[in-house]
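Visitor: Structure incoming, see below.
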């Protein structure tokens, strides 16, 4: 990235409406200039600033894997001025991207380990990127057992339904889906993520556990991860909250002495001890 403040143009190639209320969409963007694609080397867990040139920019984690060449995917919940403007963009239109920014999941450290991923709602996007990365045929042999626990408020809020269907058919991935409340067609698990995690109790042996979701979900899930044996240094969080500039200049995302946008957004609980959560 030559200048972290200047976005480069990308074209919207596809838009997928993810949820029944139509408030979350996934945008597939293609690089207009080959040199921008060549310079955009990222790992799952990193993020970028996505801009509507009329309304401004906002940070989003990449929902796609670097193994998916030629494009980037961002999952966007309509929540304010910028996200609403992006939701109104159509296929063929141009948006701005600057990045990659921050530090992602430590994929080299995770190689050879068992991985447990716990995602809640909209926060599942970067874990989807990591799951896609790990399941790539060139990467899958270098990782151990993979467990994915993913939940949403109701079945209509589950993201990436095509991916979930394909993952559910795999023999090298343990997928557990849950919703807070069922509808007439849902026959799967019903329960909050901390409850389901405790019931499943994935083994902490030779494993890392990754948690991403709403703050309240993280707050109540972390005691469960400790209870089933995951140490703070092997418990990783993705904290994509409150970021603004993306380069550590505005101070909007600080947690104690840490900046989510430059020191994170991926942290271990050991790194955050005394800054964010009570580990007692």
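No value in this document is a laboratory result; all are computed from the given coordinates. Quick caveat: nothing in here was measured; it's all calculated off a predicted structure. FYI the Cβ positions are ideal-geometry reconstructions off the backbone, even for glycines, and counts take in every protein chain you see.
Visitor: May I ask you to give the average projected area over all directions of the convex hull of the Cα atoms of the chain, in nm² rounded to one decimal?
Guide: Numbers: hull surface 57.3 nm².
Convex hull of Cα atoms, orientation-averaged projection: 14.3 nm².
Visitor: Further, regarding this structure: Using R₀ = 30 Å, calculate the FRET efficiency as 1/(1 + (r/R₀)^6) where r is the Cβ-Cβ separation of residue 198 and residue 247; round to 0.05.
Guide: Efficiency, rounded to the nearest 0.05: 0.15.
Visitor: Here's a follow-up. Could you give the distance between the Cα centres of segment 1-76 and segment 195-265, to the whole Å?
Guide: Comparing the Cα centres of segment 1-76 and segment 195-265, I get a distance of 23 Å.
Visitor: Next up: What is the packing order of peptides 69-78, 163-172, 118-127, taking the mean over residues of other C-beta atoms within 10 Å and listing the highest first?
Guide: 118-127, 69-78, 163-172
Visitor: Further question: Just order 176-187, 20-31 by mean Cβ neighbour count inside 10 Å, highest at the front, would you? Please list the in-between numbers first.
Guide: On the way: 176-187: 13.9, 20-31: 17.5.
With the highest mean Cβ count within 10 Å placed first, the list reads 20-31, 176-187.
Visitor: Can you tell me the orientation of helix 215-227 relative to the chain, as the angle in degrees between its alpha-carbon axis and the longest Cα principal axis, to the nearest 10?
Guide: Approximately 40 degrees, to the nearest ten.
Visitor: Taking the chain as a Gaussian network, where each spring joins two C-alpha atoms under 10 Å apart, which residue of 104, 61, 112 fluctuates the most?
Guide: Checking each option, the largest mean-square fluctuation is seen for 112.
Visitor: What is the gain in length, in nm to one decimal, between residue 153 and residue 94 on full extension, counting 0.36 nm per residue of separation less the C-alpha to C-alpha distance?
Guide: Going from the current span to full extension adds 18.0 nm.
Visitor: Can you put 200, 94 in order, fewest other beta carbons within 10 Å first?
Guide: So the ranking, lowest neighbour count to highest, is 94, 200.
Visitor: Between 0 and 90 degrees, rounded to the nearest ten: what's the tilt of helix 125-135 against the longest Cα principal axis of the chain?
Guide: 70 degrees
Visitor: Relative contact order (percent) for segment 8-101, with alpha-carbon contacts under 8 angstrom and 6 or more residues of separation?
Guide: Reported as a whole number, the value is 38 percent.
Visitor: Mark the label point 7 Å from the Cα of residue 108 along Cα→Cβ and return the residues of segment 48-73 whose backbone N is within less than 13 Å of it.
Guide: Hits in segment 48-73 for residue 108 at 13 Å: none.
Visitor: Over segment 112-221, calculate the relative contact order: mean separation of alpha carbon pairs under 8 Å at least 6 apart, over the residue count, as a percent.
Guide: On the way: 169 pairs, mean separation 41.0, N = 110.
The normalised contact order for segment 112-221 reaches 37 percent.
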